[in-house]
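Computed from the coordinates by the stated procedures, all read-outs in this text should not be read as laboratory data. A quick note: this is a predicted structure, and the numbers were derived from the prediction, not measured. Positions of Cβ are backbone-derived with ideal geometry, glycine not excepted, and every protein chain shown enters the neighbour counts.
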Amino acid sequence: MSAPHSKPVVTRFAPSPTGYLHIGGGRTALFNWLFARGHGGTFLLRIEDTDRERSTPEATEAILRGLTWLGLDWDGKVVSQFDRRDRHAEVAREMLARGSAYKCFCTQEEIETFRASAKAAGHSTLFHSPWRDADPASHPDAPYVIRMKAPRGGETVITDAVQGSVTFGNDQLDDMVCLRSDGTPTYMLAVVVDDHDMGVTHVIRGDDHLNNAARQTMVYQAMGWDIPVWAHIPLIHGPDGKKLSKRHGAVGVEEYQAMGYPAAGMRNYLTRLGWAHGDDEFFTDAQAKAWFNLEGIGRAPARLDFKKLENLCGQHIAAADDAALLHEIQAYLAAAGHPALTVAQNDRLGRALYCLKDRAKTFPELIEKAHFALSTRPIVADEAAAKALDTVSRGILKDLTPRLHTAIWEKQELETILTEVAASHGIGFGKMAAPLRAGLAGRTVTPSVYDMMLVIGRDETIARLTDAAA
RNA sequence: GGCCCGUUCGUCUAUCGGUUAGGACACCAGGUUUUCAACCUGGUAAGAGGGGUUCGACUCCCCUACGGGCUGCCA
């Protein structure tokens, strides 16, 4: 870490709106959010839309939706980088006035030609503009870009909270373009101006920007601005260790919602991926905020492990508050394109959650096990369940139903009755559970038969069992 | 090509010169059980390779290998 910052923490997430919110971007946002929230700081959101060709409002919407689903709330208004282009141009001119930048009249064709031949000859492709030290009197009346006048000798050192001290020889850094020939700013300039103007104290971003940090440092120095604390975090890789791409399956954050992972589980998993706090694996948001620090971030890229994600999600579902869980399930259903629950289904699912949430790792799994609560008569047994409803079993059910009419509808009593009925037929309760499941749920995989009976109630239980026994 | 970063069980990681290298997920075996899930017990499994420095290296330095990133008037 560099000099201690006594200023309040300000972090930001700055995606470019060229597609959905990538899972790696989601984690970057999460880290920034956790760091800000854990330090009583501010978390800002800036859309880097200076590339007009590739930026779309749809992508911005998708990114906002992804962040919202993940539960990452930002402070203040979303900043559009493009809206700040006049300010960026102003800074470029200021650099020009200070002599730390210059006008370059080379055309893109010239530069491309140079790079192609340099590459072919095996030389460095760093471009050295002949206009760097040209007399302004010789400037033609033609389009130009404003380039940073980067120091030629010496080295630039960046101090990174994750990567440590990283040194770049200045001969490796060329005079980057700050203002394009059409007057629009480049990312390299805009990111520095915006981070400065927005008061960003900690830049936590992917380590694909590590090299850029050296270039950006030069802009800070040229303008005499304070350099933020850098924290370049490794990218997330696919299960095979390769760069995460579409062929690995889900890359967009919203896909994870559609697959039925609870947001709290995603946050926990993503936080733990590439960051550690001793041996802690399962933790709440409050704990994550309190514990998260830059020192705990690893330096190697981490691979996505869906098994572990599921395990953590299962724990979060089990720990969730019923009402909140119900809301999230409804949102999942909508995101996955499933029909919404009816009022009756919603009511019964809400009452069934207590016996469902301990046995599901994802929402699809929970919904599957909630089949008994979401269905109405007649309950149609699936193939496996139907096998449990043979003649003998139906006879037992017929024997059972009359006794349920007068039973006290609570677990203890039901247990007593079912055990007695089973015993009277010379079988253990285990043998009786299968036909009960088939009759009550039409499935072989369900919650406890007692829980199902309690959730759907006496009348429905008797009706379903009577149906099954017929 | 040049520059930069990385490398501990299959996976995520702990360790910040001295540990029988720990935990979690996954996996295997056994137990429990009302299906599933859960739970209990036990087990397999790691410092990329090679040089140094040191009384002592996973830990510090160098080289190699492998992986990744940057090298744009993209971000």
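Data overview
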| quantity | calculated |
| --- | --- |
| Tilt relative to chain A, helix A:108-120 - C-alpha long axis, 0 to 90 degrees, to 10 | 80 |
| When each of A:LYS369/A:LYS431; A:LYS308/A:LYS357; A:LYS308/A:LYS369; A:LYS357/A:LYS398 is checked by Cα-Cα distance, pairs over 23 Å | A:LYS357/A:LYS398 |
| Linear extension gain, A:ASN293 paired with A:ARG359, 0.36 nm per residue minus alpha-carbon span | 20.5 nm |
| Interchain or long-range residues, amide H under 5 Å from A:VAL10's placed H | A:THR42, A:THR201, A:HIS202 |
| Options A:PRO151, A:GLN108, A:ALA89, ranked by Cα towards positive dipole end of region A:84-187, top entry (Cβ charges) | A:ALA89 |
| Fewest-first sequence of A:ILE233, A:ILE379, A:ILE146 by Cβ atoms within 10 Å of each Cβ | A:ILE379, A:ILE146, A:ILE233 |
| Built amide H within the under 5 Å cut-off of A:PHE283, gap 5+ | none |
| Label point distance in nm, A:ARG303-A:LYS431, each placed 7 Å from Cα along Cα→Cβ | 4.9 |
| Among A:GLN216, A:LEU244, A:THR186 the positive-end extreme of the charge dipole of region A:148-250 (Cβ point charges) | A:LEU244 |
| Positive-end residue, region A:375-469 charge dipole about Cα centroid, Cβ charges, pick of A:GLY442, A:LEU414, A:THR461 | A:GLY442 |
| Region A:375-469, dipole about Cα centre (Lys/Arg Cβ +1, Asp/Glu Cβ -1), debye to the nearest 20 | 160 |
| Packing-based exposure ordering (other Cβ within 10 Å, fewest first) of A:SER129, A:SER80 | A:SER80, A:SER129 |
| Length-normalised contact order for chain A - Cα pairs under 8 Å, 6+ apart - percent | 13 |
| Backbone HN-Hα couplings from phi across region A:388-397 [Karplus 6.51/-1.76/1.60, Hz, Gly and Pro as x] | 7, 9, 7, 4, 4, 4, 5, x, 5, 4 |
| Amide H partners (placed H, <5 Å) of A:ALA370, local residues excluded | none |
| In degrees, nearest ten, helix A:343-356 long axis to first principal axis of chain A (Cα) | 90 |
| Relative contact order, percent, region A:375-469 [alpha-carbon distance under 8 Å, six or more residues apart] | 44 |
| Hz values of 3J(HN,Hα) by residue in region A:418-425 - Karplus curve (6.51, -1.76, 1.60), Gly and Pro given as x | 5, 5, 5, 4, 4, 4, 5, 9 |
| Packing-based exposure ordering (other Cβ within 10 Å, fewest first) of A:ASP459, A:ASP195 | A:ASP459, A:ASP195 |
| Partner aspartates and glutamates for A:LYS361 [C-alpha distance under 17 Å; skip if fewer than 8 residues away on the same chain] | A:GLU255, A:GLU281, A:ASP305, A:GLU310, A:ASP321, A:ASP322, A:GLU328 |
| Spin-label pair A:ALA423/A:ASP382, simplified geometry with 7 Å Cα→Cβ offset, distance in nm | 3.4 |
